[in-house]
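Report on the structure given below.
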Amino acid sequence: MSGDDSAASPSGRSGRGPERPVDRRTAGSRWGRLLGDGLLQGGVHGSPVIRLFVRWVRRPLLPVMRLWRRNIQLKIVVTTLLMSLGVVLLLGFVVIGQVRNGLLDAKVKASQSQATGGFAVAKQKADEAASVTRDDGTTADGEASTSVIQWMSDLVESLSSGGQGAFDVVTLPAGHDSGGGRGPRASGQVIATASVPEDLRERINTNPTAAQSYTRIIYDSGADSQPGLVIGKQVNDPNGDPYQLYYLFPLTQEEKSLSLVKGTLTTAGLFVVVLLGAIAWLVVRQVVTPVRMAAGIAERLSAGRLQERMKVTGEDDIARLGEAFNKMAQNLQLKINQLEDLSRMQRRFVSDVSHELRTPLTTVRMAADVIHEAREDFDPVTARSAELLADQLDRFESLLADLLEISRFDAGAAALEAEPIDLREVVRRVVTGAEPLAERKGTRIKVVGDQQPVVAETDARRVERILRNLVVNAVEHGEGKDVVVRLAAAGGAVAVAVRDYGVGLKPGEATRVFSRFWRADPARARTTGGTGLGLSIALEDARLHGGWLQAWGEPGGGSQFRLTLPRTADEPLRGSPIPLEPRDSRRNRGSDDTGPPRGGGDGEKRATVPVQQSGPDGAARAAGNPFAPRPAAAAPTADPTALPGNGARVVARPAPQARRQDEGATPADDGGPARRPDDGGTAGRPDGARDGAPGAVGGGEPERVSGDGSGAEGLGGRRVAQGAYRDGEASRGR
């Protein structure tokens, strides 16, 4: 989880940037966010009803989606099953269609043959009956002839008797004429008018030839209707009147055969799909198992168990993969061991050299102190050389202290002495120590959020060293603009952010800035006597606390360094109460760089808490104390850092500097090209500490601060004029 947005800011608002106006592109992408990363991933957008519905749908799907993403064997097996099911369904439809067409074709041919014979028999019987009937209605032997109605009933019974239930015979009058009382006749219990389609009757009326159609055979006995084939033709009775003769063939047997084929194909298809799934599972298992084994061994290798190897059997592709993996692991183990030995030798060398140089450095320091104290008796050139000698010895001593500290981190010998402290006190000491450098640079240091206690279990010495590096770097590279130190606490974390408005950082430099001896512009010389190890040591100090030290910057827009520490030692961090990207960045201000960022520049009107120069409090502030008691009433301004509840405080410039600022003579020219800082060393004492009179920092004999920031006595009993900010690094890539 990102530390930028997880915790609330001190003023109660979220750690995100300010709301931006919704344009056409933003409004058009809402549905994309809802269907993309909003539905099954992170946040859910929309009304409360939509969010409730999405959560209700998403809850049971999350375990399934998680299993689907993590199990390649499941993906392959499910894909194989789905593809097999599709193939089986396609083949089943094709086979069933072919069987159905074959059964119907055979039935139609047999039915047409049967119906054609029946039509011929009906015509023959009508001709025979017409030939033996006289005009008076009697036969040739003098007997009375049967009526046409009786003849037709006999015909239906005669024709249906040969079918033995395989078909039924129906006669209907032609058209809508009953034919002299001749109504429909049907064999069995078939309802004649309901079983013969009306459209078929119309076709036969218009075209006397034979015609056929599929229908449902309806019975009057209450039996279920059956699918059937009806074939009909218009023929004449003995009197020469037309009537319609139909043969109805039930398709019950064909339907049973088709159902049997469907059942057989369904059973066989399911069996084939399951069998293919099992086969796919076994086959994929043979491939996935070595891959899983390789993944597990890779995880154990990354955990430091370099002796792990894959089991290789056979000579196939998987075996070659195992052999290549084992060879790679062996080479990695060899290289890692070599690098560990080399690193161990380097750490031992640095530690030994640092310790061994202490003895000659002590002697040189004692001699240099004697020469430095007697420099007033020398000619100007020799006196200046004595001062330069003392300066370089100070820097050399600082470098040795930093190297020793780095060697302790590399060897894992650094120990944390954590105790509950109020970070406000640490910030006060750091800001007070950075005042001389800020005065020379024309920079004001504002402290925000120091009204409420910010307590955490930390090592005060290490935290002060971190903040000293950040503040001095911000002052050194802020180009005379304001530096804002912000404190906040929320949940289980506390944070201190140092914001400057100087040259900033280029893309990619936010991570490289913590590298040892790294500078953005190697051509630039260090101006404060640093060693290039300050931010590296600060990063290790933050990690020793279980915290974060992160950087953000934009070219020409300044930078911000954020230190996040847990309130309680050994408590894991879940977020930071201060966003890494400040709210006044170009992106948060709407991506329009129409003016200089808040914090200063030539001609910029600053909205800050005014510095009172009258009264005891005003005198304290004019003397450079940013933590003097605030005046009873402060003029309201538009600067968020100066609003009530934010604890904004301003480090006052000295009177000459303030007058020069009012007259428009700023220390840094914002109109000129941006200068990339390059000093990778720690911020030493001000340049005038030895160029002018002794004790140039604050007057009197200057005080030495040891390499670890503890203020210990220097070598030879003399205290070096480096100020309280001697450990401040200028190596953050600038």
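The values are calculated or read from the model by the stated rules, or taken from the named source; none is laboratory data. None of these values were measured; they are calculated from a predicted model. Glycine also receives a Cβ, built like all others from the backbone with ideal geometry; neighbour counts cover every protein chain displayed.
Output yes when any residue across segment 88-101 is part of a helix (DSSP H, G or I) and touching an Asp or Glu at 6+ places or on another chain (Cβ under 9 Å), and no when none is. Talk me through it step by step, then tell me what you get.
First, the residues of segment 88-101 that are part of a helix (DSSP H, G or I): 88-101.
From what's left, touching an Asp or Glu at 6+ places or on another chain (Cβ under 9 Å): 100.
The answer is yes, given that some residue of segment 88-101 is part of a helix (DSSP H, G or I) and touching an Asp or Glu at 6+ places or on another chain (Cβ under 9 Å).
When only residues in segment 70-114 that are free of Cβ contacts under 8 Å to residues at least 40 places away in the same chain and charged (D, E, K, R) count, which is surrounded by the most Cβ atoms within 10 Å (Cβ to Cβ)?
Top of the filtered list is Lys75.
So if I check each of Ala268, Ala298, which one is outside the structural domain of Gln333 (by TED's automatic domain parsing), surrounded by 15 or more Cβ atoms within 10 Å (Cβ to Cβ), part of a helix (DSSP H, G or I) and not acidic (Asp, Glu)?
Selected residue: Ala298, the only one of Ala268, Ala298 that is outside the structural domain of Gln333 (by TED's automatic domain parsing), surrounded by 15 or more Cβ atoms within 10 Å (Cβ to Cβ), part of a helix (DSSP H, G or I) and not acidic (Asp, Glu).
Go through segment 210-235 and report how many residues are surrounded by fewer than 16 Cβ atoms within 10 Å (Cβ to Cβ) and farther than 14 Å from Tyr247 by Cα.
Of the residues in that region, 6 qualify.
Among the residues of segment 324-347, are any under 22 Å from Ala411 (Cβ atoms), among the β-branched types (Val, Ile, Thr) and part of a helix (DSSP H, G or I)?
Filtering segment 324-347 for residues under 22 Å from Ala411 (Cβ atoms) gives 335-347.
After this cut, where a residue has to be among the β-branched types (Val, Ile, Thr) as well, the list is 336.
Keeping just the survivors that are part of a helix (DSSP H, G or I) gives 336.
The answer is yes; a qualifying residue exists.
Looking at Gln613 and the list (1) polar (S, T, N, Q); (2) at pLDDT 50 or above; (3) over 22 Å from Gly478 (Cα atoms), which single condition is not satisfied?
(2) is the only condition that Gln613 fails.
Kindly evaluate Arg365 against the criterion of being assigned by TED's automatic domain parsing to the domain that holds Arg408 and touching a Leu at 6+ places or on another chain (Cβ under 7 Å).
Yes, satisfied.
Checking Arg428 against (1) free of Cβ contacts under 8 Å to residues at least 60 places away in the same chain; (2) in the same structural domain as Arg486 (by TED's automatic domain parsing); (3) part of a helix (DSSP H, G or I), which single condition isn't satisfied?
All conditions pass for Arg428, except number (1).
Just name the residue that is surrounded by the most Cβ atoms within 10 Å (Cβ to Cβ) out of those in segment 130-159 that are in a helix (DSSP H, G or I) and at pLDDT below 80.
Val148
Quick check on segment 391-404. Is at least one of its residues touching a helix residue (DSSP H, G or I) at 6+ places or on another chain (Cβ under 9 Å) and of a type in the set (Ser, Thr, Tyr)?
no
Among the candidates Met328, Met310, single out the residue that is surrounded by 16 or more Cβ atoms within 10 Å (Cβ to Cβ), within 30 Å of Ile297 (Cα to Cα) and free of Cβ contacts under 8 Å to residues at least 40 places away in the same chain.
Met310
Do we find a residue being over 40 Å from the mean Cα position of the chain (by Cα) and either of a type in the set (Phe, Trp, Tyr) or outside any helix (DSSP H, G or I) (or both) anywhere in segment 383-396?
Within segment 383-396, one or more residues are over 40 Å from the mean Cα position of the chain (by Cα) and either of a type in the set (Phe, Trp, Tyr) or outside any helix (DSSP H, G or I) (or both).
Just need a number here: residues in segment 412-422 that are surrounded by 14 or more Cβ atoms within 10 Å (Cβ to Cβ) and over 16 Å from Leu539 (Cβ atoms).
3
Matching residues to (1) assigned to a strand (DSSP E or B); (2) at pLDDT below 90; (3) farther than 22 Å from Ile421 by Cβ:
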{"position": "Gln452", "(1), (2), (3)": "no, yes, no"}
{"position": "Ala456", "(1), (2), (3)": "yes, no, no"}
{"position": "Glu464", "(1), (2), (3)": "no, no, no"}
{"position": "Glu479", "(1), (2), (3)": "no, yes, yes"}
{"position": "Val503", "(1), (2), (3)": "no, yes, yes"}
